[in-house]
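The values are calculated or read from the model by the stated rules, or taken from the named source; none is laboratory data. None of these values were measured; they are calculated from a predicted model. Note that we place each Cβ from the backbone using ideal geometry, even for glycine, and neighbour counts take in every protein chain shown.
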Amino acid sequence: MTADWEVKVPELGTSVFVIPGQFVKNREDRVVVLNTVASSVIEECRGKHKDYVFCYRGHGVETMHNNGWQSARSRAARKYQEELGEPAPEGFRNVRVHDLKHTFGRRLRAAGVPMETRKVLLGHTTGDITSHYSAPELAELIEAASRVCRDHSGKTPALTLIKAKAVR
């Protein structure tokens, strides 16, 4: 993600990122809003590289499927073991970027975010030709994305996943 994709939204005192269609699966420009957690991560990274939002060892991160991502997963698994005294679950150790998108979608649903808003936040094609958003529409998207953040208790919304056993 490059710094020049950032678009300031002064009416809301924030910014969004517009990812050009050439870098998006469906080839359409994608608006990415930032909740408070994402915004704080961006601020922490700001200025570390002249062109890219994220960098690793001084170089801009162009893709997520690289050594930096693999190293981050390994460090997170080690930290998990250090803090909890047991190995990280296999799924944790091998988490994929797409798994994070699924988790975000599930948390949006658990937080009561309407389907139409979830589709926009997840970048799913809605069939709607609207690709420009007004400040109130962006505010709604930001508020919805913020519902998955920790509340004042420090807890994230709980998810319970139920899987059916395979029938033999």
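At-a-glance table
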read-out	value
Within the range 40-65, tally of residues that are touching a strand residue (DSSP E or B) at 6+ places or on another chain (Cβ under 8 Å) and part of a loop (DSSP other than H, G, I, E, B)	7
Matching option when the condition is in contact (Cβ under 8 Å) with a residue 40 or more places away in the chain and of a type in the set (A, V, I, L, M), among VAL24, VAL41	VAL24
Residue selected from the range 66-108 under the condition in a loop (DSSP other than H, G, I, E, B) and surrounded by fewer than 16 Cβ atoms within 10 Å (Cβ to Cβ), by the criterion modelled with the lowest pLDDT	ASN66
Any chance VAL37 is part of a helix (DSSP H, G or I), touching a Cys at 6+ places or on another chain (Cβ under 9 Å) and under 22 Å from VAL120 (Cβ atoms)	yes
ARG57 surrounded by fewer than 16 Cβ atoms within 10 Å (Cβ to Cβ) and over 19 Å from the mean Cα position of the chain (by Cα)	yes
Neighbours by Cβ (under 7 Å, 6+ apart or cross-chain): first from the range 73-88, closer than 20 Å to ASP99 by Cα; second assigned to a loop (DSSP other than H, G, I, E, B)	ARG73/VAL95; ALA77/ALA88; TYR80/ALA88
Top-ranked residue of the range 1-18 - restricted to ones that are in contact with a helix residue (DSSP H, G or I) (Cβ under 6 Å, 6 or more places away or on another chain) and closer than 26 Å to HIS59 by Cβ, ranked as surrounded by the most Cβ atoms within 10 Å (Cβ to Cβ)	PHE17
